[in-house]
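The structure appears below as structure tokens.
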Amino acid sequence: MWSFAAVVLLQVIGALAGLAPLLAVVELGRVLLSPGPVDHGRVWTVVVAGAAGLLVRLLFTAASSGIGHLVDGQVQLALRRRLAARLGRVPIGWLSRRRTGELAKVVGDDVSAVHPFIAHAPGELVAAFVVPLVSLVYLFTVDWRLTLITLAPVVLAVALVPLMMTPARLREQKEFDAGMGRISNAAVEFAQGIAVVKAFGGAGRAHRRFRTAADEFTDTFLRWVRGMAPIAAGMQLALSPPFVLLVVLVGGAALITNGAMEPAGLLPFLLLGLGLTAPVAALGHGFDDLQAARRAVGRIGDVLAVQPLPEPAHPVAPQGHRVELRGVRFGYEGGHEVLRGIDLVLEPGTVTAVVGPSGSGKSTLVQLLPRFFDPTHGSVVLGGADLREIGGRELYRTVSFVFQDVRLLRASVADNIALAVPHAGHDDVVRAARLADIHDRILELPRGYASVIGEDAGLSGGEAQRIAIARALLADAPVLVLDEATAFADPQTEQAVRRALAALAGDRTVLVIAHRLETIADADTVVMLENGAVVERGAPAELLARDGRFAAFWQAHRSAVAGESDAPRGDEPR
Amino acid sequence: MIRMLLRVLGHEYARPVRRTVALMTTTAVAEGLSYALLVPVLRALFGSTPAGARPWLVAFGTAVAVYAALRYRSDLSGFRVATALLRGMYHRLGDHLARLPLGWYGAARVGEVSVLAGRGVLESMSVIVHLLAPFLSACVTPLTIVAVMLAYNGPLGLAALVAAPVVAAVQVWTGRSMAADDEERHERDHEAAGRVIEYLQAQPVLRAGGRTDERFRLLDDALREVQRASRRTVLSALPGTLGLTLAVQAVFTALLVLGSYLALGGTVGVAEVLTILVLAARCADPLLSLSSIGGKLRGARSVLARLDAVLRTEPLPEAPEPVQPVRHDLEFASAVFRHGDRAVIDGVSLSVPEGQRLAVVGPSGAGKSTLLQLLARFHDVDGGAVRLGGVDVREIGTETLMARIAMVFQDVYLFDGTIEENVRLGRPGATDAEVRAAAAAARLDEVIERLPGGWAANVGEGGALLSGGERQRVSIARALLKDAPVVLLDEVTSALDPVNEAAVHQGIERLMAGRTVVMVAHRLRTVRRADRIVFLDGGRIVEEGGHDELLRRGGRYAEFWNLSLTPAARP
């Protein structure tokens, strides 16, 4: 905090010292214009004082600006670290419903936008007000009448401000912002949809849309400018040095010719009078930046205000790894429930397959296990303890998961595999990679396990998926949640998933969103989900025999797959 | 800077921009010249006959009026030009982006382009309004004032003139030394942004490892680098700012000393000396503001440079005399395509007779999708040729080529609009009956029935309100409606669950009927019925032939096929 005070103090001292040379000229004028012999010693004292003032100003403003920027860097780093720490604790569900690009913008651009607040605003704003204030007081002591006259341009400029705030102007400002938003959207759509635009030839609809948005925006801009420009230009004129000087000179000449003022009294007004306009100008200039900074601070505050999932005060250790869902209800937004009363027991050593049409709540259900969200009603119990009573670390050590979207970090292959087990030995990493059928491919990379993904080596989608499988294998958690990805990129990867599942089973509790008939057939229990509720459950053979919903689903699946080819179990369609 | 601005804008804007710059310069000169009249005014006021100042005051008033008129006009002209430029810039960028080859649009590009086309244009154009006039006035007015001083008093004028080259040198030197730091800082910011995204996306895994309690090293390093780069920028900017301030203040001090000396010696009138000191003070402020204006200009310049880079990217050349192919067979003749120094397609030769289906199979990264992209001319080959109906695709006009090809990708992008609008994109002139028929054939009708609003249901930005399978059906309906003789399919069904897959397959089957088809697929079952299969690895054809033939051969394809058939293992 003291550094902030130092920045402001240094800036103010520097700015005030900047008045010294001007006052020196004033003094010089007084001495030289005074009747009688000129006091040489006094002249040189004044000159030295002026030069010293300049030096002080140089040193102090430089120091202030330097410290200000350095503090700014530190504050930004601290702010970014706080944001990162908070983002590392917010519910995953909250994250998954936001665009990472936007959050990255908060950590990056928005924190940078705070810059004027810290590095410039305090010092410069204070200086912009203190210096004119001091000048004003000084000028009043010289001649109050001419001071009032000198203030006329400022008053004129300020009088124009309300013209900028009329309803019409404000409406135009709003339209301007909205237009800017539209053009951004059109630009995004244009860039993302370019393949479609080109593939379907013609003039290109997105192109046209972009053009229209651009034209609309420029029209708004033009209207805004047309309304604003004359006022802004008028303000600029009122504050411009020639105009201010003219006003001072006319006033001064009148006073001097009437004998109401010493000629030397005019000098301070010529030199300091211009400085009186500084606050108005500073407000105008700094205003946009400050507005932007304020909006940025708002967005940063929003992120920092997100409540992390509460951590238990007295964490309970789960006993065993039986998982129970008791009357679980969940909705992303109030009103619409995605899960509507789920009771489910996952026994250790069994594989439970969740099936159901898309939108039935499968993904939401499996995401409750790693506590991406907390259920709105009911509870998820692991080893006898409510998930909410288990410490985050303990929970993640117990539950591991492989979901569809694989994210690799720009770090070494070994680090990527060992992400969930930072202190894993190299041998363990290699064993996991072998099991996931990616070991040989890694050895082909330029620096083997030390190759940095994205720098030394690019991996294909399938290879990335196999790294993710190796990750889960290494994590070796007793509860595994797996979204049997529909998009495994190649047969080799599909094979690796199946092998991994086989290797992982044993005493584990496995919950899998099943897409493949083989997985479904091999599960111990199948849970058929429809519209957020369990409609059937039991062993797959048993359910088939029951000839209910699952049987119908199974048949639809089978014919879906068979419709295009011979399914592995061999009913040739044609 | 102005030169780059003009290049980015194109030459039709050169005249208005030059006119505005000239107007702004004239205004700045007028401001400087008007100060010349201060000398006689002050001489009279400080002398024995203050009333003698009146005619000079009137003259000064007139000069200020002239300045005011000029200034007002140049301000308005700046606004006007900026608006015209804004419109021109958007159009130019839009037109250019539409002409760039699809291959240019990578994932990173999309983000960059949307920022550039949105805020970037506005920011770079605001240079004219907000920075150009202050910059010109900060340079030109002091110079004019120095000229005025020279005219009144040689020695003092000369002393002031010394500042000019010093200030100019400091400005140029700062600009140069800052450019590298700015670049580095930009890079660090970029790097940190990447790390933040990575950190966010890897949250589940990071938490599993308990790695968000401590600071995550990769991210924290990047954040610290940002701080270090910004500190370096500050420190390297300091000498420039200090140098400028020091130069300006030294000259002012020199004038103060010299003026006092001359006044004491009686060689120059007191009024002159005081006026010149007032004028010198007038010079100092704008000169000192140069360093902050310079910083802002550099910022705008970097946006401008990025715009310039995009606008200077050459679109694929258009054939001067486009040929209309009459047949629709496809051919690759020793096609080579490089990405950097890596050959993505490395001498592929193959042909697909009209009406036949070719399936392309291979490990990921083998170049399968690139093969399709070369057919649709997302890129041009670096060697060999790609032909449609015997005509090199480079000889066919883009519009014609696109009219002959229907593409369906794994990721479908839909425009924010209704389903009907998105289907109609296939053939804007289609009748309602045709649109309905295409939708039915793609089994999109089931989806439409389910949706509130039916045909008029909005699909959201990028089609986000539909599921993957539903989007796919829209894109197939679109392709069906287009009714092009050549169909390219890229991993169409690999991301679908079996129910959607069945629906999509029916649609695809109808789409392929009677057309020349190239499909990339890894679900080998969908590949079986192709007339011919090509196994691609490392950009080369490793095996080719019919399904049964390749299975008998027992090579790579057979290995792949067997892998995908291995039943799920049980412990």
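Of everything listed in (1) in a loop (DSSP other than H, G, I, E, B); (2) under 28 Å from the mean Cα position of the chain (by Cα); (3) within 14 Å of chain B (Cβ to nearest Cβ), the single unmet condition for A:Phe401 is (1).
Residue under question is B:Gly295, and the condition is that it be touching a Leu at 6+ places or on another chain (Cβ under 7 Å) and buried (at least 16 other Cβ atoms within 10 Å of the Cβ); does it hold? Against the criterion (touching a Leu at 6+ places or on another chain (Cβ under 7 Å) and buried (at least 16 other Cβ atoms within 10 Å of the Cβ)), B:Gly295 does not qualify.
Residues in the range A:233-251 that are small (Gly, Ala, Ser) and either more than 7 Å from chain B (Cβ to nearest Cβ) or on the phi > 0 side of the Ramachandran plot (or both) were compared, and the one that is nearest to the chain's Cα centre (by Cα) is A:Gly234. Of the strands (runs of 3 or more DSSP E) lying entirely inside the range B:328-415, those containing at least 2 residues that are closer than 30 Å to B:Asn458 by Cα and assigned by TED's automatic domain parsing to the domain that holds B:Ala530 span B:405-408.
Given the criteria surrounded by fewer than 19 Cβ atoms within 10 Å (Cβ to Cβ), assigned to a loop (DSSP other than H, G, I, E, B) and either among the hydroxyl-bearing types (Ser, Thr, Tyr) or at negative phi (or both), does A:Asp302 qualify? No.
Residues that are facing chain A (nearest Cβ under 7 Å) and in contact with a Pro (Cβ under 6 Å, 6 or more places away or on another chain) within the range B:43-87 comprise B:Leu45, B:Phe46, B:Val64, B:Tyr67, listed in sequence order. Taken across the range A:488-496, residues that are surrounded by 24 or more Cβ atoms within 10 Å (Cβ to Cβ), at pLDDT 75 or above and not aromatic (Phe, Trp, Tyr) do not occur at all.
Here B:Gly389 passes the criteria (1) at pLDDT below 90; (2) more than 9 Å from chain A (Cβ to nearest Cβ) except the one numbered (1). For the range A:442-470, give me each residue that is at pLDDT 85 or above, assigned to a helix (DSSP H, G or I) and buried (at least 17 other Cβ atoms within 10 Å of the Cβ). Correct list: A:Ile442, A:Tyr449, A:Ile467, A:Ala470. The number of residues in the range B:340-359 that are touching a Gly at 6+ places or on another chain (Cβ under 9 Å) and under 15 Å from B:Gly538 (Cα atoms) comes to 8. Restricting the first member to the range A:377-390 and to residues that are charged (D, E, K, R) and assigned to a strand (DSSP E or B), and the second to residues that are at pLDDT 90 or above and buried (at least 19 other Cβ atoms within 10 Å of the Cβ), the beta-carbon pairs closer than 9 Å and six or more apart or on different chains are A:Asp386/A:Val380.
For the range A:350-373, the candidate set comprises residues that are aliphatic (A, V, I, L, M) and surrounded by 21 or more Cβ atoms within 10 Å (Cβ to Cβ); within that set, the residue that is farthest from A:Gly331 (Cα to Cα) is A:Val351.
Remark: pairs (first residue in the range A:406-424, more than 9 Å from chain B (Cβ to nearest Cβ) and within 18 Å of B:Leu200 (Cα to Cα); second residue of a type in the set (Gly, Ala, Ser) and buried (at least 22 other Cβ atoms within 10 Å of the Cβ); Cβ separation under 8 Å; 6+ apart in sequence or on different chains) = A:Val406/A:Ala468; A:Ile417/A:Ala432; A:Ile417/A:Ala433; A:Ile417/A:Ala470. Taken together, the residues in the range A:9-33 that are at the interface with chain B (Cβ under 10 Å from one of its Cβ atoms) and either exposed (fewer than 14 other Cβ atoms within 10 Å of the Cβ) or of a type in the set (A, V, I, L, M, F, W, C) (or both) amount to 8.
The sole residue among A:Asp374, A:Asp386 that is of a type in the set (D, E, K, R), within 26 Å of the chain's Cα centre (by Cα) and away from every other protein chain (no Cβ under 13 Å) is A:Asp374. Those residues that are of a type in the set (Phe, Trp, Tyr) and under 15 Å from A:Ile256 (Cα atoms), I need them from the range B:27-55; list them, please. Passing the criteria: only B:Phe46.
Yes/no matrix, rows are residues, columns are (1) in contact with a Leu (Cβ under 6 Å, 6 or more places away or on another chain); (2) in contact (Cβ under 8 Å) with a residue 40 or more places away in the chain; (3) over 30 Å from A:Thr398 (Cβ atoms):
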position	(1), (2), (3)
B:Val162	no, yes, yes
B:Pro165	no, no, yes
B:Gly175	no, yes, yes
B:Glu184	no, yes, yes
B:Glu191	no, no, yes
B:Val196	no, no, no
B:Arg207	no, no, no
B:Gln227	yes, no, yes
B:Thr233	no, yes, yes
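The set of residues in the range B:462-474 that are surrounded by fewer than 21 Cβ atoms within 10 Å (Cβ to Cβ) and either outside the structural domain of B:Met512 (by TED's automatic domain parsing) or in contact with a strand residue (DSSP E or B) (Cβ under 9 Å, 6 or more places away or on another chain) (or both) comprises B:Gly462, B:Ala464, B:Leu465.
Cβ separations smaller than 7 Å between residues 6+ apart or across chains give the following pairs from the range B:423-449 residues that are without any contact (Cβ under 8 Å) to a residue 24 or more places away in the chain and in the same structural domain as B:Val504 (by TED's automatic domain parsing) to residues that are of a type in the set (A, V, I, L, M) and assigned to a helix (DSSP H, G or I): B:Asp445/B:Ala439.
Among the residues making up the range A:36-90, those that are in a helix (DSSP H, G or I), under 36 Å from the mean Cα position of the chain (by Cα), among the small types (Gly, Ala, Ser) and at the interface with chain B (Cβ under 8 Å from one of its Cβ atoms) are A:Ala62, A:Ser65, A:Gly66, A:Gly73, A:Ala84, A:Ala85.
The values are calculated or read from the model by the stated rules, or taken from the named source; none is laboratory data. Predicted model only: the values in this text are computed from it and were never measured. FYI the Cβ positions are ideal-geometry reconstructions off the backbone, even for glycines, and counts take in every protein chain you see.
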